[in-house]
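Here the structure comes first, spelled out in structure tokens, and everything after it is commentary.
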Amino acid sequence: MLDRLTGLEVFARVAGLGSLSAAARALGMSQTMATKHMAALEERLGVKLLHRTTRKVALTEPGRHYLESVERILSDFNEAEASAAAERLDVSGTLRLNVPVSFGVREVAPLLADFARLHPHLTVDLGLSDRVVDLVEEGWDAAIRIGRLRGPDLMARRLAPCRLALAASPAYLAARGTPRRVADLAAHECLGYTLSPMLGADRWQFGPDGAVAVAISGSLRANNGDALVAAALAGQGIVYEPTFLLGDELRAGRLVQLRLDHPPSELPGVFAVHAMNRRPPAKVRALFDFLAERFGSTPPWDRDLA
């Protein structure tokens, strides 16, 4: 009995190349064998798929309809084989990963030594940028994104929650007093982050859905969270930032967490993203699995925080 899958491959090649002899050469078989596969396929289906003349081969009407199904079947089969093979492959090559600056320096870079020990044949090309890069156009294999995701052409995996906190130094609070309500912030020095509408330079949002907004102002605004934390440590004002930026300072008492009449908003999370396709390469899956395991449901930056 002839192999049925090979018969489908012969048919698809004949349809694409326009002749049995060309299809046979492409598949590395004799023309006689290719002819036998086509005859067996037509006999099994009970329909004529090809018009044969001395000069060319053309599809019949049933052949054209059947070809659409055959191409889907062969595509799914090839993808299944590739996926199975990918599970066996060593993670190797170069992985180009783009990460926001502060998160990359604080939370990702320190983990890459352990990742390298697990995958010694893989090189990570780490790009640090707060700009939202185009993965496909700029050649990135994957990226870490924080907050709301933009772009329908991305596949995303949530790696960790991302909480926000409001904080100031003990010296600032001693000099200016401690705000108790969201409305009190209008009378304080607020250090705004210019790349976020939620934590921006002129308005901060509170509550689970960000519905409570307050106008703020201050003597410093910046496009980098670490710069704002440094200013807060120096007593310049109040900072409203993710806990991965504030956690160490809060645990050490260098900053004091402020609790108002409305809680801080919560960002959707920390996400690993890759370009839209059916299955990411083994090296990307390995990195995503590694980061998800290390971060966990309570990520390191949130441990021991109220």
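The values are calculated or read from the model by the stated rules, or taken from the named source; none is laboratory data. Not measured: the values here are computed from a predicted model. Cβ: placed from backbone, ideal geometry, glycine included. Neighbour counts: every protein chain shown.
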Positions within region 244-269 being touching a strand residue (DSSP E or B) at 6+ places or on another chain (Cβ under 6 Å), buried (at least 16 other Cβ atoms within 10 Å of the Cβ), under 18 Å from Arg303 (Cβ atoms) and modelled with pLDDT of 95 or more, in sequence order: Leu246, Leu250, Leu255
- prompt: Scanning for something under 26 Å from the mean Cα position of the chain (by Cα), farther than 24 Å from Ala175 by Cα, surrounded by 17 or more Cβ atoms within 10 Å (Cβ to Cβ) and touching a residue at least 60 places away in the same chain (Cβ under 8 Å), does region 211-226 turn up at least one residue?
  reply: no
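For region 180-201, name all the residues that are outside any strand (DSSP E or B) and closer than 15 Å to Gly235 by Cα. Break it down stepwise before answering.
Our first condition is that a residue be outside any strand (DSSP E or B); within region 180-201, this holds for 180-188, 194-198, 200-201.
Within region 180-201, just His188 meets the criteria.
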- prompt: Quick one: how many residues across region 202-227 are in contact with a helix residue (DSSP H, G or I) (Cβ under 8 Å, 6 or more places away or on another chain) and either in a helix (DSSP H, G or I) or under 17 Å from Arg163 (Cβ atoms) (or both)?
  reply: 5
query: Do we find a residue being surrounded by 14 or more Cβ atoms within 10 Å (Cβ to Cβ), assigned to a strand (DSSP E or B), assigned by TED's automatic domain parsing to the domain that holds Pro280 and at pLDDT 95 or above anywhere in region 99-114?
result: yes
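Is one or more of the residues making up region 133-152 part of a strand (DSSP E or B), hydrophobic (A, V, I, L, M, F, W, C) and more than 14 Å from the chain's Cα centre (by Cα)?
Applying the first criterion (part of a strand (DSSP E or B)) to region 133-152 yields 142-146.
Filter once more, keeping what is hydrophobic (A, V, I, L, M, F, W, C): 142-144, 146.
Of the ones still in play, those that are also more than 14 Å from the chain's Cα centre (by Cα) are none.
No; the residues of region 133-152 include none that is part of a strand (DSSP E or B), hydrophobic (A, V, I, L, M, F, W, C) and more than 14 Å from the chain's Cα centre (by Cα).
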- request: Determine whether Pro179 is in contact with a Leu (Cβ under 6 Å, 6 or more places away or on another chain) and outside the structural domain of Asn98 (by TED's automatic domain parsing).
  value: yes
- line: Those helices (runs of 4 or more DSSP H) completely within region 1-63 that have 1 or more residues that are among the hydrophobic types (A, V, I, L, M, F, W, C) and under 16 Å from Ile73 (Cβ atoms) are 4-17, 31-45
